[in-house]
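What follows is a set of notes on a single structure, which appears directly below.
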Amino acid sequence: MLERKLYILISILIFSNTLVFAQISETHINNIPEDYSDGFTVTCEKEVGKRLSYKSFKRGEFVDANQKEIRNSMNTMLLGSATALFDYLKETYEDFQPIVIKPNGFTSTSFYIKYKYSKGEIFIIRTMKSKEFLKGPFAAENPENYNLLFAFNFDEDEDQKEVENILNKYIEENYLESEIQNR
C-alpha cells in the first residue's frame, strides 16, 4: 500500500505539467517557436500510427521499430494524426524532412518534433493526458491516453490550409475530438 502511494506521489511530481485534453500546459505552449502562428490544433488520439525505434528516435532519427523493439516496448508511437501527416508529406514532397527536437524519455512521455519541407513547417507536441499515467506502467502504450498539438509556420495561407485540410480530414474520418486553441 505504501509502495502504491509512493508511486502515485512520484508520478504526480514527474507529470504535473500535463493537463487534460484541450488544456495543454503552459510549458508546452511556451515551447512553440515564436515564428509559428498563434493558433494551434489539439487532438485526442485513438491510433498508434507509426511505431518508431526509441533508440533511433533518441538520436534524432525517424526509423521504423522492428518487432523486437515493439514487443519490448522500446518504441515511440507517432500516433494517428501525426502519422497521417507524415505519410502525406513524405509521398507528396521530395524535400520533406522530419526532425526530432526533444525526444520522449523513460520519465517523460512528451516529445517535440517538426515536419519541414519547402512550403513550411509543422511543429508537433505529443503529451499524455492528465492522470493517465496513474493507470500503470502500460498506460504509455495506449494511444487514447495522448493528445497531439499541431502548430504551423507557413508563408502562404493556402499552403497552411492544404495541411490543415489533410489533418481535418483525418480527424473527421477517425472521429477524433479536436480543438483549435490560441497562445
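Could you give each residue of the stretch 145-158 its phi-based ³J(HN,Hα) in whole Hz, using Karplus coefficients 6.51, -1.76, 1.60 with θ = phi - 60°, and x for Gly or Pro?
Each residue's phi maps through the Karplus curve to give 8, 10, 10, 10, 10, 10, 10, 10, 9, 10, 6, 10, 4, 5 Hz.
Could you work out how much longer the chain between Glu156 and Phe138 gets when fully extended? Use 0.36 nm per residue separation minus the Cα distance between them, nm to one decimal.
Between Glu156 and Phe138, full extension yields 2.3 nm more.
At q = 0.21, 0.22 Å⁻¹, what log₁₀ I(q)/I(0) does the stretch 71-183 have when each alpha carbon counts as one equal point scatterer in the Debye sum?
Result of the Debye calculation: -1.27, -1.36.
Give me Glu173, Glu179 ranked fewest to most by other Cβ atoms within 10 Å of their Cβ, as a rough exposure proxy.
Fewest to most other Cβ atoms nearby, the residues stand as Glu173, Glu179.
Can you give me the convex hull volume of the Cα atoms of the stretch 38-98, divided per residue and expressed in Å³?
Per-residue hull volume (Cα only) is 117 Å³.
What ³J(HN,Hα) values, in whole Hz, does the Karplus curve 6.51 cos²θ - 1.76 cosθ + 1.60 give for the stretch 111-117 when θ = phi - 60°, with x put for Gly and Pro?
9, 10, 9, 9, 9, 10, 7
Residue by residue through the stretch 28-38, which ³J(HN,Hα) values in whole Hz follow from phi under the Karplus form 6.51 cos²θ - 1.76 cosθ + 1.60 (θ = phi - 60°), with glycine and proline marked x?
5, 4, 5, 8, 6, x, 4, 7, 8, 4, 5
Please tell me which of these pairs span more than 21 angstrom C-alpha to C-alpha: Lys55/Lys102; Lys50/Lys102; Lys46/Lys116?
With Cα atoms farther than 21 Å apart: Lys46/Lys116.
Rule-based calculations on the coordinates, nothing more; no lab input. Treat the numbers as computed from the prediction; the structure is a model and nothing was measured. Note that we place each Cβ from the backbone using ideal geometry, even for glycine, and neighbour counts take in every protein chain shown.
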